[in-house]
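Below: the structure, in structure tokens.
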Amino acid sequence: MSDLALAAYAAESGAHVVEEPRARRFERFRRTFDEAGYRAGLHARGLRFLARSDGDYPTLLRELHDPPAGLFVRGGADVGLLAAPAVAIVGARACSSYGAQVARLLGRELAAAGLVVISGLARGVDGEAHRGALEASGVTVAVLGCGVDRDYPAAHAQLASRICECGLVVSEYAPGVEPAPWRFPARNRIIAGLSAATVVVEARERSGALITADFALDAGREVFAVPGEITSALSNGTNALLRLGATPLTSAADVLESLGLEAPPTRMPELGDEAELVLEALADAAAGVDDLVRGTGLDAAAVATALAELELAGAITEAEGLYRGVGP
């Protein structure tokens with residue numbers, strides 16, 4: 001029986017199917033399944049199917065104990081992208097502004113170093129990781145927990161479209177399959193399976209990101225965790241991973257070093273004296289405008305001008321009224 005038939009049957013039955021079932025329902029389905037017609041329907045919608053039996057099926061994904069029968073694929077990139085060196089960046093949907101900044105920074109720097117950034121298109125950390133990769137003109141892959149034709153959440157439809165321009169949106173679920181809670185842990189195993197390493201940015205105690213980390217560990221992949229405040233619930237999951245032996249992550253260079261890669265050289269644009277002074281003040285901690293006025297001795301207008309210069313240079317980010325340096 002073909003891998004495509006298994007995936008199509010899973011969509012019809014609403015079951016998680018990775019091996020040929022022995023049920024009579026499946027026997028009836030197999031007798032009537034028109035594979036050529038199904039493939040033609042996918043092609044008409046701009047979709048593809050990468051079967052587990054295909055030579056292009058990613059080796060790392062095949063190493064899972066229950067690799068999906070195949071992946072439905074949307075996007076302009078070649079399916080060989082799924083076998084390229086990749087890192088997963090996952091974390092809380094309701095992340096903090098700091099978590100969003102870190103996810104975006106990591107996505108940008110890892111993509112700039114030539115890695116494919118894998119995540120789940122969810123709100124929060126996932127979306128920021130994808131955006132960071134795109135900002136670096138890099139490549140990113142979104143793995144869905146629903147049919148490959150769905151943009152989930154709908155608020156990320158434009159982001160999914162941008163990803164498809166040079167990357168891929170993939171799912172083990174056929175077009176039309178609705179999102180369901182049990183599908184997301186299954187989705188997480190694919191995120192981990194496609195990646196040489198997994199980075200958890202922020203996670204609550206029972207976050208789905210921890211499920212991704214567990215799958216990565218089971219597959220013998222390295223797991224990184226961004227240390228967080230001990231008083232924050234958003235740090236409970238990441239700090240627990242660190243207690244269990246995850247590698248602390250302090251910069252993208254930690255991931256690159258573990259994979260035997262080097263960060264590409266970066267060149268900071270020339271800054272004015274006042275912008276340099278403000279950037280130096282942000283080196284220790286995030287700060288608001290009033291804090292920067294006090295810390296630099298500049299007046300509010302000069303600080304505002306310096307912040308605008310730094311934002312245009314990509315040297316800082318702003319969230320909730322706080323400015324943070326993004327590093328060299």
Given the options L292, L298, name the one that is buried (at least 18 other Cβ atoms within 10 Å of the Cβ), part of a loop (DSSP other than H, G, I, E, B) and more than 33 Å from the chain's Cα centre (by Cα). L298
Any residue in the range 262-274 that's farther than 15 Å from A308 by Cβ and hydrophobic (A, V, I, L, M, F, W, C): show its pairings with residues that are at pLDDT below 85 and in a loop (DSSP other than H, G, I, E, B) at Cβ separation under 8 Å, as long as the two are six or more apart or on different chains. M268/A313; M268/A315; M268/P328
Which members of the range 270-288 meet the condition of being assigned to a helix (DSSP H, G or I) and either open to solvent by 50 Å² or more (accessible area, probe 1.4 Å) or basic (K, R) (or both)? D273, E274, E276, L277, E280
Yes or no: the range 152-174 includes at least one residue that is open to solvent by 10 Å² or more (accessible area, probe 1.4 Å) and of a type in the set (S, T, N, Q). yes
Taking the condition out of contact with any strand residue (DSSP E or B) (no Cβ under 8 Å at 6 or more places or on another chain), at pLDDT 95 or above and more than 24 Å from S258 (Cβ to Cβ), does D56 pass? no
Across the range 184-198, the tally of residues that are small (G, A, S) and assigned to a helix (DSSP H, G or I) stands at 3
Restricting attention to the range 210-237, which residues are without any contact (Cβ under 8 Å) to a residue 24 or more places away in the chain, assigned to a loop (DSSP other than H, G, I, E, B) and hydrophobic (A, V, I, L, M, F, W, C)? I230
Residue ID - farthest from the chain's Cα centre (by Cα), chosen from residues in the range 91-113 that are surrounded by fewer than 22 Cβ atoms within 10 Å (Cβ to Cβ) and within 27 Å of E172 (Cβ to Cβ): A94
On the basis of being small (G, A, S), in contact with a Ser or Thr (Cβ under 8 Å, 6 or more places away or on another chain), in contact (Cβ under 8 Å) with a residue 12 or more places away in the chain and within 25 Å of L115 (Cβ to Cβ), does S251 make the cut? no
Do the conditions hold for V289, that is, is it at pLDDT 90 or above and within 27 Å of S195 (Cβ to Cβ)? no
I'd like the full set of residues that are surrounded by 11 or more Cβ atoms within 10 Å (Cβ to Cβ) and of a type in the set (S, T, N, Q), limited to the range 223-269. S232, S235, N236, T238, N239, T247, S251, S258
Please give the number of the condition R324 fails out of (1) open to solvent by 70 Å² or more (accessible area, probe 1.4 Å); (2) within 24 Å of A112 (Cβ to Cβ); (3) not in a helix (DSSP H, G or I). (1)
Take L307 and tell me if it is touching a strand residue (DSSP E or B) at 6+ places or on another chain (Cβ under 8 Å), at pLDDT below 90 and assigned to a helix (DSSP H, G or I). yes
Out of curiosity, is E19 assigned to a loop (DSSP other than H, G, I, E, B) and open to solvent by 40 Å² or more (accessible area, probe 1.4 Å)? yes
From the list V199, V169, pick out the single residue that is among the aliphatic types (A, V, I, L, M) and either out of contact with any Phe, Trp or Tyr (no Cβ under 6 Å at 6 or more places or on another chain) or modelled with pLDDT under 95 (or both). V169
Given (1) out of contact with any His (no Cβ under 8 Å at 6 or more places or on another chain); (2) in contact (Cβ under 8 Å) with a residue 40 or more places away in the chain, number of the condition A10 does not satisfy: (1)
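Each row is one residue, and each column tells you yes or no for (1) without any contact (Cβ under 8 Å) to a residue 40 or more places away in the chain; (2) open to solvent by 10 Å² or more (accessible area, probe 1.4 Å).
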{"position": "L115", "(1), (2)": "no, no"}
{"position": "H130", "(1), (2)": "yes, no"}
{"position": "P181", "(1), (2)": "yes, yes"}
{"position": "G193", "(1), (2)": "no, no"}
{"position": "S207", "(1), (2)": "no, yes"}
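The values are calculated or read from the model by the stated rules, or taken from the named source; none is laboratory data. The structure displayed is predicted, hence computed values, not measured ones. All Cβ positions, glycine included, derive from the backbone under ideal geometry; neighbour counts span all protein chains shown. Just the protein is used for accessible areas: all its heavy atoms, side chains included, with ligands, DNA and RNA removed. Shrake-Rupley method; radii C 1.70, N 1.55, O 1.52, S 1.80 Å.
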